[in-house]
């Protein structure tokens, strides 16, 4: 669906963008793929990877700047919204800045996309937006609600919005796997709580979920990928089998287990072979056949969290993944 079309990705120099861009160029051959972000150094580094490819463009800008978004979106067909302030402790200590990017930025983008006639927009969400306990999660829940409601707010315009939600991205910058790898020679790995569990997803799976959302969406859906869970203690063992695990206590705003679908959303959630789909409650859109398609409604009170997941990743499976992806861990 992207062949010959123009795409823009906000926050495109981040971990997701660095995977989405080459995969989309290779498989879908868009006319233009615009990376919109505010960090000129990251853009300069990323541009070197695509030197000589006329399809890739770079645009310095911030989602907080509505006028800049209007200029960047000129002639664009599809948008992926990946820009966010997302480090949990950073958001706890800088709440105003987190709100400006994650909530005000979402509002700016929704307005700009409607006014510029963008066809479809897919926004990236997080497990932390489900039953949030930290400010980052609360801002992303607000952002999700804004994008869902954007389909009603668009009125007679054709712009449609959807959301994708997934958990811990294996090997991404600032995540636990590269952190453990960087300190494993010390022989001690800090774990916040020995009961802690996390969802495990690769960036490639995240990209494929976004592609699916663009193809499947009617407007207002939240897509949740089915992925395995892992105990953080097992993750530490996979990275450094001989290292000692030191329990250091939960950080401000941190959850014991990740949740991607809460019981309150079960009334609007449908199951598919490889994902779940939370349909919008507004306008009775959760009952429309065009959104439900071949989905099966989940039981009332259903919860999809990393501790009650039927699928688990083993130590050996993670070790195999690390061995196959050593070159990009911490660089994506």
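None of the figures in this text is laboratory data; all of them are computed from the coordinates on show. Keep in mind that what you see is a predicted model, and the values were worked out from it rather than measured. Using ideal geometry, Cβ is built from the backbone for each residue, glycine included, and neighbour counts are taken over all protein chains shown.
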_Whole-Å distance, taken between Cα centres, linking the stretch 22-84 and the stretch 184-219_ = 23
*If the viscosity is 0.890 mPa s and the temperature 25 °C, what translational diffusion coefficient in µm²/s does Stokes-Einstein give for the stretch 248-332 when Rh comes from Kirkwood over Cα pairs?*
154
_For the ranges 173-185, 149-161, 38-50, 14-26, what's the packing order if you count other beta-carbon atoms within 10 Å of each residue, average per peptide, and put the highest first?_
14-26, 149-161, 173-185, 38-50
_Potential lengthening between residue 274 and residue 300 on full extension [0.36 nm per residue; Cα-Cα distance subtracted]_ = 7.3 nm
_Would you report the distance distribution of C-alpha pairs in the stretch 176-258 as whole percents per 5 angstrom bin, up to the bin with the largest distance?_
3, 13, 19, 18, 15, 12, 9, 6, 4, 2, 0
*asked:* How tilted is helix 315-324 with respect to the longest principal axis of the chain? Cα atoms for both, answer in degrees (0 to 90, nearest 10).
replied: 60
*Report the convex hull volume per residue for the chain, counting only C-alpha atoms, in Å³.*
134
_Whole angstrom only: what separates the Cα centroid of the stretch 130-161 from the Cα centroid of the stretch 282-332?_
20
_Antiparallel DSSP beta bridges within the chain, as percent of all bridges there, nearest 5_ = 30
*Using alpha-carbon coordinates, inclination of helix 203-216 to the longest axis of the chain, degrees*: 30
*Please give the length that would be gained between residue 115 and residue 23 if that part of the chain were fully extended, namely 0.36 nm times their separation in residues minus their C-alpha to C-alpha distance (nm, one decimal).*
30.2 nm
*Working from Cα positions, state the angle (0 to 90°, nearest 10) between the long axis of helix 135-153 and the longest principal axis of the chain.*
30
*the stretch 41-97: C-alpha gyration tensor shape, a/c 1.5 cut-off, then a/b vs b/c*: oblate
_Burial ordering of 276, 36, fewest other beta-carbon atoms within 10 Å first_ = 276, 36
*Ranked highest first by average number of other Cβ atoms within 10 Å, how do 220-233, 292-305 line up?*
220-233, 292-305
